[in-house]
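Enquirer: Can you read through this structure? Questions will come right after.
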Amino acid sequence: MKDLNGRVAVVTGGASGIGKALSRAFVGEGMKVVISDVEEGALRAAQDELSAVGDVSAVVTDVSNAESVEALADKVFSEHGACHLLCNNAGVSVGNSKVWETTVNDWKWVHGVNVMGVIHGVLAFVPRMLESGEEGLVMNTSSGDGGISPLADQSVYASSKASVSIMTECLGAQLAAEEGSKLRAAIFYPSGGLLKTGIWTTARNRPSELSRERPYAPGAELTFEQVTEGAKAVGFDLPVQDLDELAAATVAGIKAGDFVIMIDRPNVEATLTDRAKKIAAGECPIGAGFQL
């Protein structure tokens, strides 16, 4: 989609962070943007802010709930008659843990949002987008921590994002083979540096019924500031990526028709090549421990 003006975009997890930055960029392109989020207060505040510069509406949505996402799709197609850009972006995470020290609820919550949230979006929107016959894009947010270079201590989050990457590759291949379809898929890898987003504090939205069954080990939950200061203490100054710049690069990738959308994409070739060599040699491609 080279021309986004007048098109309809839906962004889940749009109340803050990357989702809000993407929404702001889409509004700047003249799109009609529907933002959804489970956090109603932040969602209304984002709607008020973004409505000052464009056509923005908001729908409270729990992406882990299929009926909630169906209701979002119903509202979008009822009010706008179309969806041209679906951004399955909502995501959550948990603290660093050894796999055997994670809990069942860690997996249920993170995969319920990160994996099933994307699946619910695809099931609710893609059939209608195909039926419309219009040009469109389904962009699913993955992560380098999963789709490219998983971190050992982030097994719950990394595995959820690896799932999103593979599912999107399958979706992209299937849409490309769909006769007469103008709909395609893309994987979005937030990149360019450390990202100061709500992912660091997603525990605020963790449902009580999926609370952690036991406390984390000391040091398992790291804040953005702890990571950056910890890196400085051992001689690393981690780059922080501006979210609006990331969103602008994402818009450019959408217009270019990229399947993999990320900043400095060529630079991951060495990482992926090393990973492939280790797999071919029968080795575990991930190093032990949390890596800054």
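FYI, it's all coordinate maths here, none of it is from the lab. Every value quoted in this text rests on a predicted model; they were computed, and no experiment measured them. Heads up, the Cβs are rebuilt from the backbone with ideal geometry, glycines too, and the neighbour counts pull from every protein chain shown.
Enquirer: With 5 Å bins from zero, work out the P(r) of segment 186-292 over every alpha carbon pair and list the percent per bin.
Expert: Distribution as computed: 2, 9, 13, 15, 17, 18, 16, 9, 2, 0 percent.
Enquirer: Calculate the all-directions average of the projected area of the chain's alpha-carbon convex hull, and give it in nm². Each step should come with its number before you reach the end.
Expert: Values: hull surface 62.5 nm².
One quarter of the hull surface, i.e. the mean projection, equals 15.6 nm².
Enquirer: Which net charge results when you count Lys and Arg as +1 and Asp and Glu as -1 among the other residues whose beta-carbon is under 12 Å from that of D3? Each step should come with its number before you reach the end.
Expert: On the way: positive: K2, R7, K255; negative: E29, E135.
The answer is +1.
Enquirer: Select from S211, S163, S143 the residue whose mean-square fluctuation is largest in a Gaussian network model of the chain (Cα-Cα springs shorter than 10 Å).
Expert: Judging by the Gaussian network model, the answer is S211.
Enquirer: Post the alpha-carbon centroid distance, segment 1-80 to segment 117-136, in whole angstrom.
Expert: Segment 1-80 and segment 117-136 have Cα centres separated by 16 Å.
Enquirer: Along the principal axes of its C-alpha atoms, what lengths does segment 66-113 span, in descending order and rounded to whole Å?
Expert: 47, 19, 10
Enquirer: Tabulate in residue order the Karplus-calculated ³J(HN,Hα) for segment 42-54, using 6.51 cos²θ - 1.76 cosθ + 1.60 with θ = phi - 60°, rounded to whole Hz; enter x for Gly and Pro.
Expert: Each residue of segment 42-54 in turn: 5, 5, 5, 5, 5, 4, 4, 5, 6, 5, 5, 10, x Hz.
Enquirer: Here's another thing I want to ask about it. Gaussian network model of the chain, Cα springs within a sub-10 Å range: biggest mean-square fluctuation belongs to which of A270, A124, A186?
Expert: A270
Enquirer: Ok, one more. To the nearest Å, what is the center-to-center distance of segment 164-190 and segment 243-292, using C-alpha atoms only?
Expert: Between the Cα centres of segment 164-190 and segment 243-292 lies a distance of 18 Å.
Enquirer: Continuing with the same structure: Please find the FRET efficiency linking V240 to N267, where r is the Cβ-Cβ separation and R0 is fixed at 25 Å, and quote it to the nearest 0.05.
Expert: Details: r = 17 Å, r/R0 = 0.69.
The calculated FRET efficiency here is 0.90.
Enquirer: State whether segment 167-244 is rounded, prolate or oblate according to the following rule on the C-alpha gyration tensor (a ≥ b ≥ c being the square roots of its eigenvalues): a/c under 1.5 gives rounded; otherwise a/b larger than b/c gives prolate, and the remaining case gives oblate. List each step's numbers first, then the result.
Expert: On the way: a/c = 3.29, a/b = 1.61, b/c = 2.04.
Since a/c reaches 1.5 but b/c is at least a/b, the shape of segment 167-244 is classed as oblate.
Enquirer: Let me ask you something else. In what order do Y189, Y157 fall by count of nearby beta-carbon atoms within 10 Å, going from fewest to most?
Expert: Values: Y189 22, Y157 26.
Starting with the residue having the fewest Cβ neighbours, the order is Y189, Y157.
Enquirer: When only C-alpha pairs under 8 Å and at least 6 residues apart count, what is the relative contact order of the chain, in percent? It would help to have the intermediate numbers written out before the result.
Expert: Working: 533 pairs, mean separation 56.7, N = 292.
Relative CO of the chain lands at 19 percent.
Enquirer: Moving to a separate point now. Can you tell which of D37, D258, D274 shows the greatest fluctuation in a Gaussian network model of the chain with Cα springs below 10 Å?
Expert: Fluctuation is largest for D274.
Enquirer: Between their Cα atoms, which of K2/K108; K98/K196; K2/K277; K20/K278; K75/K182; K75/K161 are more than 30 Å away from each other? If you can, show how the numbers build up before the last one.
Expert: On the way: K2/K108 38 Å; K98/K196 24 Å; K2/K277 37 Å; K20/K278 38 Å; K75/K182 23 Å; K75/K161 28 Å.
Exceeds cut-off: K2/K108; K2/K277; K20/K278.
Enquirer: Sketch the reach of a paramagnetic label on A45 as a point 7 Å from Cα along Cα-to-Cβ, and name the residues of segment 174-199 whose backbone nitrogen lies under 16 Å away.
Expert: 197-199
Enquirer: Label Q174 and T223 with points 7 Å out from Cα along Cα→Cβ: what is the distance between them in nm?
Expert: Between Q174 and T223, the simple spin-label model gives 4.3 nm.
Enquirer: Here's something else I'd like to know. Can you give the relative contact order of segment 73-232 as a percent, counting alpha carbon pairs under 8 Å and 6+ residues apart? If you can, show how the numbers build up before the last one.
Expert: Working: 223 pairs, mean separation 47.3, N = 160.
Reported relative contact order: 30 percent.
Enquirer: Over all directions, average the projected area of the Cα convex hull of segment 78-156 and note it in nm².
Expert: Details: hull surface 25.1 nm².
Computing the convex hull of the Cα atoms and averaging its projections yields 6.3 nm².
Enquirer: Once the piece of chain linking S181 and A231 is laid out straight, how much longer is it, given 0.36 nm per residue of separation minus the C-alpha distance between them?
Expert: Details: separation 50, 0.36 × 50 = 18.00 nm, distance 4.73 nm.
Result: 13.3 nm gained on full extension.
Enquirer: Report the FRET efficiency, 1/(1 + (r/R0)^6), for V60 and S208, where r is their Cβ-Cβ distance and R0 is 22 Å, rounded to 0.05. Write down the numbers at each step before the final one.
Expert: Numbers: r = 18 Å, r/R0 = 0.82.
So the FRET efficiency works out to roughly 0.75.
Enquirer: Further, regarding this structure: Provide the net charge surrounding T202, with neighbours chosen by a C-beta distance below 13 Å and charges set as Lys +1, Arg +1, Asp -1, Glu -1. It would help to have the intermediate numbers written out before the result.
Expert: Working: positive: R204, R206, R212; negative: D37, E39, D106, E221.
Residues near T202 contribute -1 overall.
Enquirer: Continuing with this model, one more query. Can you tell me the length gained on complete extension of the stretch R128 to A280, counting 0.36 nm per residue apart and subtracting the Cα distance?
Expert: Numbers: separation 152, 0.36 × 152 = 54.72 nm, distance 4.14 nm.
Taking 0.36 nm per residue and subtracting the Cα distance, the gain is 50.6 nm.
Enquirer: For G136, what residues show an amide H to amide H distance below 5 Å, using hydrogens built from the backbone and excluding near sequence neighbours?
Expert: Residues meeting the amide H criterion: L183, R184.
Enquirer: Is segment 1-74 best put as rounded, prolate or oblate by its Cα gyration tensor, with a ≥ b ≥ c the root eigenvalues, rounded for a/c under 1.5, and otherwise prolate when a/b is larger than b/c, oblate when not? Mind showing how you got there, number by number?
Expert: Details: a/c = 2.07, a/b = 1.38, b/c = 1.50.
Since a/c reaches 1.5 but b/c is at least a/b, the shape of segment 1-74 is classed as oblate.
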